[in-house]
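Report on one structure; see the data block that follows.
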Number of protein chains: 2
Amino acid sequence: MSLIVVGTMAFDAIETPFGKINQIVGGSGVYAAYTASYFVNPVQQISIVGDDFPQEEMEELRKRGVHLDGVEIIKDKKSFFWSGRYHEDMNTRDTLITDLNVLADFDPKVPDSYQGAEFLMLGNLMPKLQLNVIQEMKERPKLIAMDTMNFWMDTAMNDLKIVLRYIDLLVVNDAEARQLTNHFSLVKAAKAIMQMGPKYLIIKKGEHGALLFHGDEVFFAPALPLEEVFDPTGAGDTFAGGFMGHMAKTKDLSFENMKRGIIVGSAMASFCVEKFGPTRLKEITKPDIDKRIQQFKELVNFDIELV
Amino acid sequence: MSLIVVGTMAFDAIETPFGKINQIVGGSGVYAAYTASYFVNPVQQISIVGDDFPQEEMEELRKRGVHLDGVEIIKDKKSFFWSGRYHEDMNTRDTLITDLNVLADFDPKVPDSYQGAEFLMLGNLMPKLQLNVIQEMKERPKLIAMDTMNFWMDTAMNDLKIVLRYIDLLVVNDAEARQLTNHFSLVKAAKAIMQMGPKYLIIKKGEHGALLFHGDEVFFAPALPLEEVFDPTGAGDTFAGGFMGHMAKTKDLSFENMKRGIIVGSAMASFCVEKFGPTRLKEITKPDIDKRIQQFKELVNFDIELV
């Protein structure tokens, strides 16, 4: 079993009400790979970095079973840099700086050694590039999931709608689901999106949890109520990495098993927000994860007799 | 078993993106009584109306086992009137008109026939009046729940904090929990509120569900994802009525049973929002309620093996 993760590997500068950090490793691919590596081996990474990206980080990822054959390293160029500030309401943030650097030339290729992967996670990226990756796969993966964002809806909606026809699962947040469909009701938006291609849809609602849709079925997973959300950066990518890690580990594409995947993703995201960047994702152990999943059970579990 | 409900009985004018109604019966007591009457009998209503309040509505309530001995009818005066407008985001609304009318002179009394009630729901009201009702009870009810709102935090915070010492359960929304404690984190706010008196706390988050806190325990109930929220007026009062109705029916004050109460309240609220005012609350049947509760089970139920 293997999972291909396409995403950024980058540097972030982050400011939250609880603190500030001027440089920390980040990027959707980094969060997703660290997370998925708890569940599936190998994670086959596709990304691009400059020669400033730390060797120790690469080594750390390798140690956890993340393959880096698909990570291009560009000489004399800088890695993607993002800087943002969160306010008290951690659901919104201001982007202060976006330096694309190497990302401007990203043209993701699937290395031969990755062919045959059964699970593919397409991180948020220009839709055309996401489509390229799908088309480079000689054998269609069992499950293709993708993330996207409002920027591509504004600038490349047609391309985006084409990619949607080729994927199984779309992962977006509530605002993106609304923008994509012009429906305010998330239930209506979900129906409209599933008619655009993906049979499955996850709508992330940040601190308000996540919804999974498939046909007429719907499942809701809460976010864990936390005393403090220290830094929400990467929580969405961590969620996706946990979900796809679970799916690749279990190879069971039933709706029931996707529910479990959503809970795993939510549990992993609840760790991610506890410290700056992906710090917590490198510290936790399998028993920590099990304990957290147990907390989710207790949080929503109820038993009621219908009379 | 009996449940006292203290709340308003009123007329509302409501405008939503889906329609407009110039006059419909409303008020926290009306929503809570109709809802609770599905679970407990009698519901003992304490309220005040003008002589314009429809006899047929009184008759309808009586038919459902709602006692009206505690409802004062004031000659030649008008019932409380509220008018509001909802925008696309149904979580926020503009109040257009508030005509207190008879409510300005409301001084709720507990009729002798209500003495001995084991459950007491204090709807949103001037805190001093809520305290009066508690003090009029010759025997302390087993469970005293109360609702309140930002207006009383702005104008009568000291009185409010006194009442909090006398109750078991506070029901507020997320903004109110934050305002009451100056904590943005709902977990921190919950801890602070439970130190003010109530052992139990419910924080309502509208379309994002509700949280129940007790000591270190927490339970989360989602709102049902609906295609359309037609009119959210009264959903919070319906939720409280469903919760207290379930508690009074079962007389089991355990945390486990409160979880069930929250689900019952959420299910009832999901009916409430389907039509203008309390219309739906008069139409539904016990099988409708059971079916809806089953939908909540399916919405959050998952089974995961920890390895």
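The values are calculated or read from the model by the stated rules, or taken from the named source; none is laboratory data. As the structure is a computational prediction, the values presented were derived from the model and not from experiment. Note that we place each Cβ from the backbone using ideal geometry, even for glycine, and neighbour counts take in every protein chain shown. Protein only, heavy atoms only, side chains kept; ligands, DNA and RNA dropped before computing areas. Shrake-Rupley method; radii C 1.70, N 1.55, O 1.52, S 1.80 Å.
Calculated accessible area for the protein assembly as shown comes out at 40 Å² per residue, all protein chains present (probe 1.4 Å; ligands, DNA, RNA ignored).
Working from the Cα coordinates of the stretch B:264-307, the gyration tensor eigenvalues give, after taking √(5λ), semi-axes of 29, 10, 6 Å in decreasing order. For the stretch B:256-298 and the stretch A:270-294, compute the distance between their C-alpha centroids and round to whole Å. Result: 36 Å between the Cα centres.
In the frame of its principal axes, the protein assembly as shown has Cα extents of 86, 44, 42 Å, reported largest first. When a/c reaches 1.5 or more, the comparison of a/b and b/c decides; with that in mind, is chain A rounded, prolate or oblate per its Cα gyration tensor? Verdict is rounded for chain A. Candidate cross-link partners of B:LYS259 among the aspartates and glutamates, defined by an alpha-carbon separation under 12 Å and a same-chain spacing of 8 or more, comprise A:GLU298, A:ASP303, B:GLU217. Note on the stretch B:1-154: Kirkwood hydrodynamic radius from all Cα pairs is 16.1 Å, rounded to one decimal. Sorted on the mean count of surrounding Cβ atoms within 10 Å across their residues, most packed first, peptides A:234-243, B:168-177 read A:234-243, B:168-177. Taking every alpha-carbon pair within the stretch A:184-239, the share separated by more than 14 Å comes to 58 percent.
Across the copies of the chain, A:ARG85 has label points (7 Å from Cα along Cα→Cβ) spaced 3.5 nm apart, shortest distance listed first. Charge tally around B:LYS205: other residues with Cβ under 13 Å, Lys/Arg +1 each, Asp/Glu -1 each, net -1.
Remark on B:ILE4: its backbone amide H falls under 5 Å from those of B:GLN44, B:PHE119, B:LEU120, B:MET121, a criterion applied only to residues 5 or more positions apart or on other chains, H modelled at 1.01 Å from N. Of all the C-alpha pairs in the stretch A:83-188, what % are more than 22 Å from each other? It works out to 41 percent of all Cα pairs.
Averaged over peptide B:258-266, the number of partner chain Cβ atoms lying within 10 Å of each residue's Cβ comes to 2. Label points for B:ASP288 are taken 7 Å from Cα along Cα→Cβ. From this copy to the others they lie 4.9 nm apart, shortest first. How much net charge surrounds A:PHE119 when only other residues with a Cβ under 13 Å from its Cβ are counted (Lys, Arg +1; Asp, Glu -1)? Summing Lys and Arg as +1 and Asp and Glu as -1 gives 0.
Under a model in which nothing but the beta-carbon of Lys, Arg (+1) and Asp, Glu (-1) is charged, chain B shows a dipole of about 700 debye around its Cα centre. Does the stretch A:171-279 come out rounded, prolate or oblate by the C-alpha gyration tensor, with a ≥ b ≥ c the root eigenvalues, rounded set by a/c under 1.5 and, if not, prolate when a/b is larger than b/c and oblate if not? Judged from the Cα gyration tensor, the stretch A:171-279 comes out oblate (a/c at least 1.5, b/c at or above a/b).
The accessible-area loss of the stretch B:173-215 on complex formation, taken against its chain alone with a 1.4 Å probe, reaches 30 Å² or more at B:PHE184, B:VAL187, B:LYS188, B:LYS205, B:GLU207, B:HIS208. Helical content of the protein assembly as shown, expressed as a calculated mean residue ellipticity at 222 nm, amounts to -11000 deg cm²/dmol (DSSP H runs of 4 or more residues, -39,500 (n - 2.57) each, divided by residue number, nearest 500). The lysines whose alpha-carbon is closer than 24 Å to the alpha-carbon of B:LYS275, local same-chain residues fewer than 8 away aside, are A:LYS188, A:LYS191, B:LYS20, B:LYS63, B:LYS204, B:LYS205, B:LYS286, B:LYS291, B:LYS297.
Interface of A with B. Using a 1.4 Å probe and counting protein heavy atoms only, the two chains hide about 3900 Å² of accessible surface, both sides summed. Run through the DSSP bridge list for chain A and note the antiparallel percent, rounded to the nearest 5. Counting only bridges with both partners in chain A, antiparallel ones make up about 40 percent. Compute the separation of the alpha-carbon centres of the stretch A:9-52 and the stretch B:3-32 and state it in Å as a whole number. That distance is 51 Å.
Starting from the label point of A:ILE162 at 7 Å along Cα→Cβ, the same points in the other copies fall at 7.2 nm, in ascending order. Neighbouring Cβ atoms from other chains, within 10 Å of the Cβ of residues in A:290-300, number 4 on average.
Legend: P(r) of the stretch A:31-75 from all alpha carbon pair distances, 10 Å bins from 0, whole percents, reading 29, 58, 13, 0. For the stretch A:224-306, just say rounded, prolate or oblate: build the C-alpha gyration tensor, square-root its eigenvalues into a ≥ b ≥ c, call rounded for a/c under 1.5, and beyond that prolate if a/b exceeds b/c, oblate if not. In terms of gyration-tensor shape, oblate. When Lys and Arg each count +1 and Asp and Glu each count -1, what net charge do the other residues less than 14 Å away from B:ASP94, Cβ to Cβ, add up to? Surrounding charge for B:ASP94 is -1.
Bins of 10 Å, beginning at zero and ending with the bin holding the largest distance: percent of Cα pairs per bin for the stretch B:83-124, please. Histogram of Cα-Cα distances, whole percents per bin: 18, 30, 27, 22, 3.
Projecting the Cα positions of A:LEU226, A:PHE255, A:SER266 onto the charge dipole of the stretch A:173-271 (unit charges on Cβ atoms of Lys, Arg, Asp and Glu, taken about the Cα centre) puts A:PHE255 furthest along the positive direction. For chain A, give the percent of accessible area contributed by carbon and sulfur heavy atoms, probe 1.4 Å, rounded to a whole number. After summing per-atom areas, the C and S share lands at 48 percent. Taken as Cα centroids, the stretch A:153-198 and the stretch B:141-157 sit 43 Å apart, rounded to the nearest whole angstrom.
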